[in-house]
Amino acid sequence: MYENAPCGYHTITPDGRIIEMNETALALLGRTRKDTLINSTSMTLLTTKGQALLAEQIQALKRGAAAPIELHFTRTDGSRLPVLHSVTQ
């Protein structure tokens, strides 16, 4: 269910380190699991604006109120992939 879900999923730590990403997300981003998990944080995959929005979202979660937001991940070819991003504890 997780690996081949019709949408991409990833799990990050509070400091933004990616610890899991499903096959769908990897395919959409044109990335490999090994390269993504070893060399990336969610911040390195985001546009500059997305980095700021994610940081705000993580702070909101710490206060107990984080709503889903739209971010843009950067694919390996440089194009952007819009994503609906939500955080939970």
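Apart from one condition, L28 fits all of (1) part of a helix (DSSP H, G or I); (2) open to solvent by 50 Å² or more (accessible area, probe 1.4 Å); (3) at pLDDT below 85; the exception is (3). Looking across region 40-70 at every residue that is assigned to a helix (DSSP H, G or I) and hydroxyl-bearing (S, T, Y), the one that is farthest from T88 (Cα to Cα) is identified as T48.
Considering the conditions (1) in a helix (DSSP H, G or I); (2) within 12 Å of H85 (Cβ to Cβ); (3) at pLDDT 80 or above, F73 is excluded by exactly one of them, (1). For region 1-23, residues that are aliphatic (A, V, I, L, M) and surrounded by 10 or more Cβ atoms within 10 Å (Cβ to Cβ) total 4. Among the residues making up region 33-52, those that are of a type outside the set (K, R) and either farther than 20 Å from T13 by Cβ or free of Cβ contacts under 8 Å to residues at least 24 places away in the same chain (or both) are D35, T36, L37, I38, N39, S40, T44, T47, T48, G50, Q51, A52. In region 69-89, the residues that are at negative phi and aromatic (F, W, Y) form Cβ pairs under 7 Å with partners that are modelled with pLDDT under 90 and not in a strand (DSSP E or B), at six or more places apart or across chains, as follows: F73/L45.
How many residues does region 5-25 hold that are part of a strand (DSSP E or B) and among the polar types (S, T, N, Q)?
1
The values are calculated or read from the model by the stated rules, or taken from the named source; none is laboratory data. Small disclaimer: the values here were computed from a predicted structure and weren't measured. Quick reminder, even Gly has a Cβ in these numbers, built from the backbone with ideal geometry, and neighbours come from all protein chains shown. For the accessible areas, the whole protein counts, side chains as well, though only heavy atoms, and no ligand, DNA or RNA atoms are used. Shrake-Rupley method; radii C 1.70, N 1.55, O 1.52, S 1.80 Å.
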